[in-house]
Amino acid sequence: MSEAGFLIWLQSSALGEFTRSLGVWSYGVINLVHILGIALLFGSILLLDLRLMGAWRRVPLAALSEPTTFMARIGFVLAVCSGLPMLSVNASEYIGNPFLLVKFPAIGLALLNVLLVHRSDAWQAHRHRALMPRERKRLAVGAALSLTFWLTAITGGRMLGYW
């Protein structure tokens, strides 16, 4: 299915029809939930990624990684569960919008990066022992990529409405 075909399908889907039927305040409330989800997601990621890149070295990585990862998951779920209805309201208006082609691949790359970092030996080891310099460097590279991908996704999403 092409981008245009998917967007037209999404707009005419039951989700699109339901979201449009909710009333005048619904889009604003859904948008607010989306913003809060993104703030929770990116705020958590920012703290963890900065720590992985060497900030706050006195704070044990294991003590920071569990709560920030948990909160990032909640933020991601909120962002997705609010973003899809927002997009479905007028999805056909985004056909040809280049920022849509920036946002979603960036999210995909960010999620792939999360998967690779969390499956790495360095990530697994951080819960049990101090990391070796090579392991710290690998996690720092993953953190830098994470910030790049998530900031690209956020920027693309923000720019959607201005094209």
Notebook entry, point to check: Within the range 78-95, restricting attention to residues that are more than 15 Å from Trp150 (Cα to Cα) and hydrophobic (A, V, I, L, M, F, W, C), which residue is nearest to the chain's Cα centre (by Cα)?
Noted result: Leu78
Check: Listed residues Ala110, Ala153, Ala143; which is touching an Asp or Glu at 6+ places or on another chain (Cβ under 8 Å), of a type in the set (Gly, Ala, Ser), under 21 Å from Ile38 (Cβ atoms) and at pLDDT 95 or above?
Finding: Ala143
Next item on the list: Return the total of residues in the range 97-127 being in contact with a helix residue (DSSP H, G or I) (Cβ under 8 Å, 6 or more places away or on another chain) and touching a residue at least 60 places away in the same chain (Cβ under 8 Å).
Entry: 6
Item checked: Selected residue (criterion: surrounded by the fewest Cβ atoms within 10 Å (Cβ to Cβ)) from residues of the range 31-66 that are outside any helix (DSSP H, G or I) and free of Cβ contacts under 8 Å to residues at least 40 places away in the same chain -> Arg58
Next item on the list: Tally the residues that are of a type outside the set (Val, Ile, Thr) and touching a Phe, Trp or Tyr at 6+ places or on another chain (Cβ under 8 Å), restricting the search to the range 92-111.
Entry: 7
Item checked: Unique match (being closer than 28 Å to Ala140 by Cβ, of a type in the set (Ser, Thr, Tyr), surrounded by 13 or more Cβ atoms within 10 Å (Cβ to Cβ) and out of contact with any Pro (no Cβ under 9 Å at 6 or more places or on another chain)) among Ser120, Ser82 -> Ser120
Checklist line | The lone exception for Gly28 - which of (1) assigned to a helix (DSSP H, G or I); (2) modelled with pLDDT of 95 or more it fails | finding: (2)
Check: Out of all the residues in the range 7-25, which are among the small types (Gly, Ala, Ser) and part of a loop (DSSP other than H, G, I, E, B)?
Finding: Ser13, Gly23
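The values are calculated or read from the model by the stated rules, or taken from the named source; none is laboratory data. Keep in mind that this is a model prediction, so the values were computed, not measured. Positions of Cβ are generated from backbone atoms using ideal geometry, with glycine treated the same way; all protein chains shown enter the neighbour counts.
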